[in-house]
1. Taking the range B:42-69 on its own, how many of its residues are facing chain A (nearest Cβ under 10 Å), hydroxyl-bearing (Ser, Thr, Tyr) and within 22 Å of residue B:96 (Cα to Cα)?
2. Can you find even one residue in the range B:197-209 that is surrounded by fewer than 17 Cβ atoms within 10 Å (Cβ to Cβ) and on the phi > 0 side of the Ramachandran plot?
3. For the structure I just gave you, tell me whether residue B:19 is more than 7 Å from every other protein chain (Cβ to nearest Cβ), in contact with a Leu (Cβ under 7 Å, 6 or more places away or on another chain) and surrounded by fewer than 23 Cβ atoms within 10 Å (Cβ to Cβ).
4. Restricting the search to the range B:65-98, which residues are without any contact (Cβ under 8 Å) to a residue 40 or more places away in the chain, in contact with a Gly (Cβ under 6 Å, 6 or more places away or on another chain) and either buried (at least 24 other Cβ atoms within 10 Å of the Cβ) or closer than 24 Å to residue B:35 by Cα (or both)?
5. Could you please let me know if residue B:229 is assigned to a strand (DSSP E or B) and either under 22 Å from residue B:181 (Cβ atoms) or at pLDDT below 95 (or both)?
6. Tally the residues that are over 20 Å from residue A:36 (Cβ atoms) and more than 20 Å from the chain's Cα centre (by Cα), restricting the search to the range A:253-272.
7. Which residues, taken from the range B:22-36, are buried (at least 19 other Cβ atoms within 10 Å of the Cβ) and either within 7 Å of chain A (Cβ to nearest Cβ) or touching a helix residue (DSSP H, G or I) at 6+ places or on another chain (Cβ under 7 Å) (or both)?
8. Being in contact (Cβ under 8 Å) with a residue 12 or more places away in the chain, facing another protein chain (nearest Cβ under 7 Å), in a loop (DSSP other than H, G, I, E, B) and closer than 19 Å to residue B:39 by Cα is the requirement here; does residue A:39 meet it?
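The values are calculated or read from the model by the stated rules, or taken from the named source; none is laboratory data. Note that this is a predicted model, so its numbers are computed, not measured. Using ideal geometry, Cβ is built from the backbone for each residue, glycine included, and neighbour counts are taken over all protein chains shown.
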2 protein chains.
Amino acid sequence: MTSTSISVVEQVPALDAIAVLDALRSAFTELGRGNAAQPPQTVTLLPGGGDVILYQGQLGATYSVKVSPYLPQTDGSAVVTAWTILLDTATGRPELLVDAAGLTVERTSATSALAVDLLARPDAATLAIIGSGAQARAHLRYARAVREFTDVRMFSRSLTQADAPEGVKVAASAAQAVSGADVVLLCTSAGEALIDAASLPPGTVITSISTNVARAHEIDPAALPALDVYGDYRPTVVRSAGEMVIAAERGDWTAEQLRGDLPELLTGACPPPSGTRPVFFRSIGMGLEDLAIARLILEH
Amino acid sequence: MTSTSISVVEQVPALDAIAVLDALRSAFTELGRGNAAQPPQTVTLLPGGGDVILYQGQLGATYSVKVSPYLPQTDGSAVVTAWTILLDTATGRPELLVDAAGLTVERTSATSALAVDLLARPDAATLAIIGSGAQARAHLRYARAVREFTDVRMFSRSLTQADAPEGVKVAASAAQAVSGADVVLLCTSAGEALIDAASLPPGTVITSISTNVARAHEIDPAALPALDVYGDYRPTVVRSAGEMVIAAERGDWTAEQLRGDLPELLTGACPPPSGTRPVFFRSIGMGLEDLAIARLILEH
């Protein structure tokens with residue numbers, strides 16, 4: 001009864017950073033050209049509590065849907081999983097079922113690095129990373145694939161030099177880590193500002209990721225007007241990024257002030273950074289990213 | 001990379017009719033009790049043309065989503081497939097990926113037979129089937145599991161006695177087939193009325209299935225007021241069944257006149273047939289039915 005023509009991948013294999021970056025670059029370019037689809041996610045409530053979020057995507061001859069249930073257990077804990085299924089749009093047949101949890105760290109950090117590649121100075125050499133978990137370490141790996149960083153600082157409250165990745169100096173504070181940095185990667189699950197983004201020199205690129213914390217943000221919403229603000233995908237980032245939602249509510253900033261997103265940057269449909277302000281890039285995460293990386297796994 | 005803990009089933013195995021009927025009876029009962037979920041389907045348009053319909057369901061500790069793409073090809077044809085994935089809601093892990101195309105005939109015919117079991121006289125002995133394709137033959141198999149039919153007639157324009165199933169008499173017309181029948185199973189892809197339902201004796205049970213034809217119907221919409229009308233699931237059947245939609249548009253019938261559905265019949269939440277009119281049962285098909293049968297395959 002079990003077929004071998006559909007691959008089931010429960011453990012995401014080690015992926016080549018350059019290949020992942022290329023896959024994302026291609027996916028966002030196709031999205032900018034109208035050859036890919038990123039429909040809104042759908043949330044379905046389960047009668048016993050919990051919910052299932054479905055994230056769909058299409059890219060070339062591949063359609064994908066990620067099924068991510070949030071399942072409260074009787075002991076008060078919750079199980080959260082995510083599985084992505086790829087279908088070939090020529091045949092309508094499934095090709096791959098992959099545990100998407102392992103894709104999340106890869107796609108999130110590679111997306112931040114793609115933004116760095118598109119927004120940072122070519123000679124950017126000093127990197128600051130705030131956070132020291134799996135996201136921070138993956139961000140480091142992907143960032144090193146887009147720029148030759150000669151000075152890398154990392155800060156988190158728990159990090160000691162012994163636990164730091166190779167070639168990384170542990171900073172005494174977030175402020176010390178970002179001082180003089182060309183690129184700042186915020187890789188935390190913070191629900192409040194970690195650094196004073198508006199005070200950084202013009203051209204400094206700051207990236208920020210999403211967490212499940214409601215209205216989560218890693219910079220002060222009030223800083224947005226002083227920054228060149230970019231996001232991963234315009235239709236979703238302005239509705240979901242905590243600092244953007246809060247700044248818009250307060251009347252400090254509007255969605256029209258988003259300077260561009262990755263599809264626009266890759267197809268020349270938005271302006272590059274002004275050079276007069278720090279650059280802020282915020283990602284939410286998209287089904288299309290999972291699709292692009294899952295396709296790489298399939299080819300693997 | 002390929003795991004054996006997730007079953008991939010590309011060919012639906014032969015299923016025991018009694019087990020399938022029990023699984024559906026249990027699923028509709030749980031739906032009636034609020035322990036199962038049948039969310040509305042979602043349609044996503046693909047940028048290159050075509051679409052994907054997602055059908056979700058939850059039943060006890062199982063969540064399912066059926067992914068059904070409609071994929072136009074360059075030669076003018078279209079590929080339509082359907083794959084159902086089951087997840088265990090205790091662990092959030094997928095348990096089964098099954099080609100749902102093979103489930104459709106099973107679940108449709110077993111649902112009609114479940115309705116016959118709930119609506120027809122216990123001593124119903126004469127069965128008429130209109131249509132002679134896969135649906136008609138599967139309907140026969142499931143109907144025989146709920147009543148002791150001693151006289152079975154089948155009619156379709158193309159059917160000869162040599163091609164008829166065992167123990168089945170080929171009728172010369174639809175009218176001849178249904179004359180004196182206790183149960184009439186309409187199993188065609190007709191877009192118009194096949195029989196004069198309102199003229200059949202009180203208590204005769206007529207079942208009717210769905211096709212892809214727009215506003216498809218197997219009986220005259222004008223007959224509805226003269227019938228005890230039931231459906232598989234109230235929220236979907238009154239919106240989708242061609243004869244109900246047309247009759248409502250003409251002002252001949254309203255959704256409130258639907259006497260009951262399967263969850264209501266199984267939990268005593270609607271009246272039984274009046275005994276004074278013929279009984280009409282219309283099914284649309286539901287993700288929950290696929291789920292119930294896929295779960296059987298998993299246990300297989």
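1. Residues flagged as facing chain A (nearest Cβ under 10 Å), hydroxyl-bearing (Ser, Thr, Tyr) and within 22 Å of residue B:96 (Cα to Cα) within the range B:42-69 amount to 4.
2. Scanning the range B:197-209 turns up no residue that is surrounded by fewer than 17 Cβ atoms within 10 Å (Cβ to Cβ) and on the phi > 0 side of the Ramachandran plot.
3. yes
4. B:69, the sole residue that qualifies.
5. Against the criterion (assigned to a strand (DSSP E or B) and either under 22 Å from residue B:181 (Cβ atoms) or at pLDDT below 95 (or both)), residue B:229 qualifies.
6. The number of residues fulfilling the criteria is 5.
7. Within the range B:22-36, B:23, B:24, B:27, B:28, B:31, B:32, B:36 meet the criteria.
8. Yes; evaluated as a whole, the condition is true for this residue.
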